[in-house]
Structures are given as structure tokens and as C-alpha cells.
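Below you'll find the structure, written out as C-alpha cells, and then a few comments.
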Amino acid sequence: MALFSKGKEVFGCPMDGEVRPLDETPDRAFADGLLGDGVVIFPSGDKVFAPSAAKVNFTFPTRHAVGLETKSGYEYLIHVGINTNQLKGEGFHIYVEPGDYVNKGQLLLEFDQKLLKEKIYQKQPLSYLPM
């Protein structure tokens, strides 16, 4: 499923779940557009895949977010959950490192949805921000 396109590039959905406008996320920083445009996904799974071929620009030490950039310079962020940085990486496993090149559909990270709901927030969204 394509969610975004820019020029000749098409960006897929990084995971299964319900896709909604970004302003419907409970996270005000994302909902108010402070970090750019995008969508929020209320996940039905626990795996996050690359929505396009890209270079991994960064990963957070807490493993809850990945920043990517396509060959044409289009940057985007995939951020899992609300206040998930408080877990200090617990419940997350990341499969990529900064400098890696990924193919569309490649596994980026996994998270323990049950743990996130118990410790942080009941409805953990994934914010997908092609900027």
C-alpha cells in the first residue's frame, strides 16, 4: 500500500495497522505538526519495515525511532509510541545501524506492544513522517 509519493518515489506503509491523519495521534508534538507532516498508524503488529529503499541516517539509542533518507534526498522519520524513550530501549530490537542501506520491505525494528501498553500508554501509535 502506498501512503506517500514524491517525484518518482513511492513510499509504502511501514507496518500493518490503522492509518489516520497525524493530528489524530495522542502525542501533541506530532499532532501539532512540530516535527513535520505525516500520518499516525495504530499498529496491529509489532514489526516495522522500510517503506522505501533508503540510507539509515540515525537510530535513537532507545531504539524507538529510525531516520531514513532516499537517494534523491527525501528524509523521513519512523517513531514508535508516546514517551517510549522512557523505556531506555526495553521492549525494542533494532536491526539497522546508521550508514546502512535498506531495501523497501526490509525489517527495521520490532517492539513489544504489550510491554509498551503496560508501562507507557494504552494506545501506542507509530508516527510516520515523510518530511
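Observations, loosely collected:
- A 1.4 Å probe run over the protein chains yields, for the chain, 52 Å² of accessible area per residue, whole-number rounding.
- For the chain, with all protein chains in place and a probe radius of 1.4 Å, 48% of the accessible heavy-atom surface sits on carbon or sulfur.
- Convex hull volume per residue for the chain, taking Cα atoms only, in Å³: 92 Å³
- Backbone N atoms of segment 101-115 closer than 19 Å to the 7 Å Cα→Cβ label point of GLU75 belong to residues 101-102.
- Taking every lysine pair in the chain that is 8 or more places apart or spans two chains, those with Cα atoms closer than 25 Å amount to 24.
- Full-extension gain in nm, GLN113 to LYS47, via 0.36 nm per residue minus C-alpha separation: 22.8 nm
The values are calculated or read from the model by the stated rules, or taken from the named source; none is laboratory data. Quick caveat: nothing in here was measured; it's all calculated off a predicted structure. Glycine also receives a Cβ, built like all others from the backbone with ideal geometry; neighbour counts cover every protein chain displayed. Areas reflect the complete protein model, heavy atoms only, side chains present, ligands, DNA and RNA absent. Shrake-Rupley method; radii C 1.70, N 1.55, O 1.52, S 1.80 Å.
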